[in-house]
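Below is one structure, written out as C-alpha cells, with a few remarks after it.
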Amino acid sequence: MYQPLTIAVLAGTTRLQRQSITAAYYIANFARQLPNVEIIFVDPVDFHFEGDGNDPEGKDPRYTDITAKADAFFIVTPEYNHSFPGSLKRMLDSELANYNHKPVAIAGVSNGNWGGVRAVEQLCLAIRELGLVVMSWDMYFPYVQNIFNDDNSIKDEHKERYEKQLTKLFTELIWFADMLKTNREE
C-alpha cells in the first residue's frame, strides 16, 4: 500500500514581528489539499536548540523525529540584512544525517520588492552542504504585507498567481521526494 509522502514546512524565524509566518501557513495549508501528502508544520518558536551545530546537546528530539520522518522540506525564509535568520540556520544545523538525499523547496519573503531573493541565495549555499537536493526554482513573496488579508488568507488578486506557482513547485518537490525516497529505501 502506498504511504503518503511527508513534507515538513519550516517557518524560518522566531522574530515576534515576523510576517513570513503568514506565507508559511499559506504554503502548508495549500499543501494539505494535495493528494497523498502529509504536512508537518515546523515553527522554530516551538523548539529549543542548545549550543551550536550537530552535537547531541544541539538537538531537540522532537525536531530530530520530524526530520527523520520527512521525505521533503519546504523552507519559508524572511530576508534579514540580505540573508536568512540565524534561528533558521541554528535549526537546520542541528540535523545532518536526516537531510541527506531529501529534496527542499524554498520561498523567500520580504516587506520590499526583492521578496527575499538574497536570503534564498544565501540559504542555498548552506542547505546544499546539508545534503538536501534544492529544487531548480523558488518562489517569492515581495511586499508580503500587501498579499494577505487580516485573517491570513491570500487576497483574491494574488490567489491565481501564487496557486499556479505552488502547484508547479509542489509537483516538482513531490516528484523528487518520491524518487529519492524509493532510492533511499533500496
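The values are calculated or read from the model by the stated rules, or taken from the named source; none is laboratory data. All figures in this text were calculated on a predicted structure; none of them were measured in a lab. Because the Cβ atoms are built from the backbone with ideal geometry, glycine has one as well, and the counts that use them run over all protein chains shown.
Numbers below:
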quantity: Yes/no for Phe84 being touching a residue at least 60 places away in the same chain (Cβ under 8 Å) and either of a type in the set (Phe, Trp, Tyr) or farther than 30 Å from Lys164 by Cβ (or both); calculated: yes
quantity: Lone qualifier among Gly112, Gly108 - being within 15 Å of Gly12 (Cβ to Cβ) and either in contact with a Cys (Cβ under 8 Å, 6 or more places away or on another chain) or not in a helix (DSSP H, G or I) (or both); calculated: Gly108
quantity: Residues of the stretch 97-152 satisfying the condition of being over 26 Å from Ile66 (Cα atoms), surrounded by fewer than 18 Cβ atoms within 10 Å (Cβ to Cβ) and in contact with a Lys or Arg (Cβ under 9 Å, 6 or more places away or on another chain); calculated: Asn146, Asn149
quantity: Those residues of the stretch 34-53 which are surrounded by fewer than 15 Cβ atoms within 10 Å (Cβ to Cβ) and part of a loop (DSSP other than H, G, I, E, B), in sequence order; calculated: Pro35, Asn36, His48, Glu50, Gly51, Asp52, Gly53
quantity: Answer from Gly131, Gly116 - the residue that is within 15 Å of Ala23 (Cα to Cα) and more than 13 Å from the chain's Cα centre (by Cα); calculated: Gly116
quantity: Residue check for Met139: in contact with an Asp or Glu (Cβ under 7 Å, 6 or more places away or on another chain) and over 30 Å from Gly51 (Cβ atoms); calculated: no
quantity: Among residues of the stretch 115-153, those that are touching a Pro at 6+ places or on another chain (Cβ under 7 Å) and assigned to a loop (DSSP other than H, G, I, E, B), counted; calculated: 3
quantity: Of residues in the stretch 20-33 being surrounded by fewer than 18 Cβ atoms within 10 Å (Cβ to Cβ) and among the polar types (S, T, N, Q), the one nearest to Ile75 (Cα to Cα); calculated: Asn29
quantity: Subset of the stretch 54-83 [closer than 21 Å to Val109 by Cβ and either basic (Lys, Arg) or not in a loop (DSSP other than H, G, I, E, B) (or both)]; calculated: Ala72, Phe73, Phe74, Ile75, Val76, Thr77, Pro78, Tyr80, Ser83
quantity: Inter-residue pairs, beta-carbon under 9 Å, first at positive phi and in the stretch 25-39, second polar (S, T, N, Q) and outside any helix (DSSP H, G or I), 6+ apart; calculated: Asn36/Gln3
quantity: Qualifying positions in the stretch 61-86 - over 15 Å from Ala11 (Cβ atoms), surrounded by 17 or more Cβ atoms within 10 Å (Cβ to Cβ) and acidic (Asp, Glu); calculated: Asp71
quantity: For Leu16: the one exception among (1) surrounded by 12 or more Cβ atoms within 10 Å (Cβ to Cβ); (2) over 15 Å from the mean Cα position of the chain (by Cα); (3) aliphatic (A, V, I, L, M); calculated: (1)
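Table: residues versus (1) at pLDDT 95 or above; (2) hydroxyl-bearing (Ser, Thr, Tyr).
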| position | (1), (2) |
| --- | --- |
| Thr14 | no, yes |
| Arg18 | no, no |
| Thr22 | yes, yes |
| Pro35 | yes, no |
| Val42 | yes, no |
| Glu57 | no, no |
| Thr64 | yes, yes |
| Phe74 | yes, no |
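Condition check ((1) charged (D, E, K, R); (2) touching a Pro at 6+ places or on another chain (Cβ under 6 Å)) across all residues:
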position: Asn36; (1), (2): no, yes
position: Gly51; (1), (2): no, no
position: Thr64; (1), (2): no, no
position: Asp71; (1), (2): yes, no
position: Tyr80; (1), (2): no, no
position: Leu92; (1), (2): no, no
position: Glu95; (1), (2): yes, no
